[in-house]
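Structure record follows, encoded as structure tokens.
All of the numbers you see were taken from the coordinates with simple rules; none came from a lab. Quick caveat: nothing in here was measured; it's all calculated off a predicted structure. When we count neighbours, we look across all protein chains shown, and the Cβ atoms used for this are built from the backbone with ideal geometry, even at glycine.
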Number of protein chains: 2
Amino acid sequence: MDPAAIQQIRRFNRTVAEGIGTFTDHFLGRGRPYGESRVLWEIGTDGADIRELRDRLGLDSGYVSRMLRSLERQKLVRVRVHAADRRVRRAELTALGRRERAVLDSRSDALAARILEPLTDKQRASLLAAVSDVERLLQPSMVRFAIERPTSADAQWCWRQYFAELDERFENGFDADVALPVDVREVTPPGGALIVARLHGRPIGCGSVKTPRGAPAYLKRMWVAREARGLGVGRRLLAELEGYARSTGAKTIHLETNRALREAIALYRASGYVEVPAFNAEPYAHHWFEKPLTQA
Amino acid sequence: MDPAAIQQIRRFNRTVAEGIGTFTDHFLGRGRPYGESRVLWEIGTDGADIRELRDRLGLDSGYVSRMLRSLERQKLVRVRVHAADRRVRRAELTALGRRERAVLDSRSDALAARILEPLTDKQRASLLAAVSDVERLLQPSMVRFAIERPTSADAQWCWRQYFAELDERFENGFDADVALPVDVREVTPPGGALIVARLHGRPIGCGSVKTPRGAPAYLKRMWVAREARGLGVGRRLLAELEGYARSTGAKTIHLETNRALREAIALYRASGYVEVPAFNAEPYAHHWFEKPLTQA
DNA sequence: CCAGTTCTCTGACTAAAGTCAGAGATCATG
DNA sequence: CATGATCTCTGACTTTAGTCAGAGAACTGG
């Protein structure tokens with residue numbers, strides 16, 4: 001890759017890290033550990049389930065629990081049991097907590113304002129345009145792929161989105177009960193895997209692969225959210241799934257698909273899949289594809 | 001300020017912070033505390049004085065000392081006394097340290113490459129253009145002003161730059177021994193102040209003000225580095241100096257200047273200074289200005 | 001209804017990061 | 001050449017951040 005381009009990106013990283021540093025200091029500067037501020041912020045005005053907090057902040061369960069106790073002692077937060085599931089607890093801000101959060105909010109505003117303040121109107125407009133370009137073009141590099149349990153809430157959500165889209169796009173609709181079933185065990189290691197693509201922590205796509213021993217790997221239910229298309233997520237998701245299949249020793253991967261899914265078919269062809277005769281009786285399928293998995 | 005603009009900048013901050021976070025993790029992931037990595041990095045291939053490290057990293061003297069001991073134990077760093085001043089110590093990388101630093105370097109490169117990698121050539125070009133716009137337009141907000149001792153190395157450097165520029169621009173050159181002298185005490189609180197403007201830690205301008213009790217404040221030796229002009233540094237430096245003078249109770253501020261310094265004169269006029277009769281015998285001056293300091 | 005899972009919490013740790021108060025060597029200056 | 005300032009270092013701390021194991025309550029699916 002072009003070394004000058006890399007240097008420029010590195011300079012940008014450094015510059016922005018410096019700016020962000022002052023943001024962090026700012027956020028901090030409330031006589032409260034940064035961790036607690038983050039939790040306070042993340043709870044939001046509507047409250048949040050504790051498991052959600054843990055997840056979004058990527059923190060240990062015991063650690064979050066302790067921070068919540070501390071915030072409770074400061075009368076900023078109230079924790080109560082979840083109405084529907086009494087194992088789960090929900091954190092909510094007290095009136096005082098809400099005020100504290102508003103202070104953090106206005107500090108973020110103040111920092112942003114400090115960036116804009118010394119600029120002329122014209123410069124401001126250029127900055128906003130450039131900033132939105134950078135954000136858009138940074139997105140592809142911020143997509144993360146990870147194997148997840150197919151029973152997780154997000155994986156289930158992806159599958160629902162996927163089914164809804166098939167139902168909309170197939171000429172005669174789609175009913176998951178009619179299609180060949182996918183057993184949870186078949187897409188959980190070592191039987192296979194389900195990979196979720198995320199942007200800023202939110203799922204934007206998923207795909208799964210079954211890896212039966214001594215048989216071709218079998219790609220299932222690949223989906224990319226509409227708003228995330230054009231970022232190359234599909235291509236990379238496919239590569240991740242193939243990589244997993246390859247790691248289990250699979251020599252070939254195959255899949256079936258419906259003729260309505262034109263972009264998917266184009267992606268498969270571009271990725272080296274070739275059409276083969278039907279290898280199963282999936283009622284919704286019109287095309288069957290196969291690709292050899294060369295060991296890297 | 002436009003709330004939408006502020007929200008956009010905040011979103012940008014958040015997005016980039018997420019990216020920077022992965023950078024930090026990357027940097028870290030060497031079985032070594034982040035602090036030590038930073039020190040290792042900052043020493044650089046040419047070595048660095050310890051006081052310089054402390055300064056650039058903003059760390060406690062004891063803390064840095066301990067980290068250096070640890071890096072010495074790991075045979076990455078060698079500390080020896082400074083040739084010219086035996087109080088000062090200089091840290092240098094060993095061959096092993098240099099190799100370690102090269103690893104950090106290549107990790108930074110890899111991160112930058114990961115940002116560029118999923119983009120098409122056209123997108124890459126747009127990103128680089130946008131990134132350079134953002135950097136340029138972020139600069140004004142990253143300038144920091146601070147009162148410093150006029151005896152500090154950076155303050156002295158600024159004065160030398162200033163004198164050199166005057167010598168170049170005045171029709172008959174400039175000799176600091178001929179001009180009215182500035183005593184160190186007169187521009188050190190409480191007698192006055194010297195303010196240094198910095199960008200990324202490097203000095204890019206300075207200015208000073210004498211604040212004799214019961215007399216007008218007196219602005220001296222204001223200078224902005226050529227490469228930092230057009231960022232509004234002069235205007236802000238002037239405002240900082242006036243602010244200091246105001247804080248000491250001064251009711252008026254005055255200054256003299258040479259006709260060759262056209263931008264400076266324009267700045268003074270734009271900032272509310274009006275020309276007055278000569279109030280001293282500065283041999284290099286052609287204009288004398290004065291401005292009332294209204295209490296904010 | 002029971003076995004396994006999920007969720008939160010507590011106790012007992014560790015490591016990293018940073019602060020503070022001197023001590024001792026060295027230098028600059030009147 | 002005494003005085004004060006500068007620089008680095010050590011010892012003695014504290015706080016923050018985070019990990020790990022396991023207990024107990026609540027839920028879920030067969």
Which ordering of B:Arg235, A:Arg213, A:Arg236 is given by a fewest-first count of other beta-carbon atoms within 10 Å?
A:Arg213, B:Arg235, A:Arg236
Quick calc, B:Ala95 & B:Trp41: beta-carbon distance into FRET formula, R0 25 Å, rounding 0.05, result 0.90
Copy-to-copy label separations for A:Gly35, where each label sits 7 Å from Cα toward Cβ, in nm and ascending:
1.7
Dipole of chain A, Cα-centred, from +1 at each Lys and Arg C-beta and -1 at each Asp and Glu C-beta, to the nearest 20 debye?
1100 debye
Pairwise label distance in nanometres, B:Val81 with A:Asp85, each label 7 Å out on the Cα-Cβ vector
6.8 nm
Sorted from fewest to most neighbouring beta carbons within 10 Å, what does the list B:Val224, A:Val274, B:Val143, A:Val79 look like?
A:Val274, A:Val79, B:Val143, B:Val224
Provide Rg over Rh for region A:84-191; use the alpha carbon set for both Rg and the Kirkwood Rh (inverse mean inverse pair distance).
1.16
Roughly how crowded by other chains is peptide A:114-127, in terms of the mean Cβ count from those chains within 10 Å of each of its Cβ atoms?
5
Taking beta carbons within 10 Å but only from partner chains, what does the mean come to for residues A:103-112?
3
Assertion target for A:Thr45, A:Thr22, A:Thr248, ordered by fewest C-beta neighbours within 10 angstrom first, is A:Thr45, A:Thr22, A:Thr248
Can you tell me, using C-alpha contacts under 8 Å and at least 6 residues apart, the relative contact order of chain A as a whole percent?
11 percent
In Å, what Kirkwood hydrodynamic radius results for region A:112-166 from the alpha-carbon pair distances?
14.9 Å
Would you work out which of A:Asn258, A:Thr24, B:Leu71 lies farthest towards the positive end of the dipole of the protein assembly as shown, given +1 charges on the beta-carbon of Lys and Arg and -1 on that of Asp and Glu, about the Cα centre?
B:Leu71
Compute, for the protein assembly as shown, the length of the dipole vector about the Cα centre, with Cβ point charges of +1 (Lys, Arg) and -1 (Asp, Glu) only. Units Debye, rounded to 20.
1740 debye
Short version: what are the Cα gyration tensor semi-axes of region B:159-296, square root of 5 times each eigenvalue, largest first, in whole Å?
21, 18, 15
Length-normalised contact order for region B:3-118 - Cα pairs under 8 Å, 6+ apart - percent:
25 percent
Just grab the label-to-label distance for A:Glu282 and B:Arg202, each label 7 Å out from Cα along the Cβ direction, in nm (one decimal).
5.8 nm
What dipole magnitude, in Debye to the nearest 20, does region B:190-296 give about its Cα centre under +1 on Lys/Arg Cβ and -1 on Asp/Glu Cβ?
240 debye
Share (percent) of C-alpha pair distances in chain B greater than 36 Å works out to 37 percent
On average over all directions, what projected area in square nanometres does region A:207-259 have, based on the convex hull of its Cα atoms?
3.9 nm²
FRET efficiency estimate (nearest 0.05) - Cβ-Cβ, A:Glu168 to A:Met1, R0 51 angstrom:
0.80
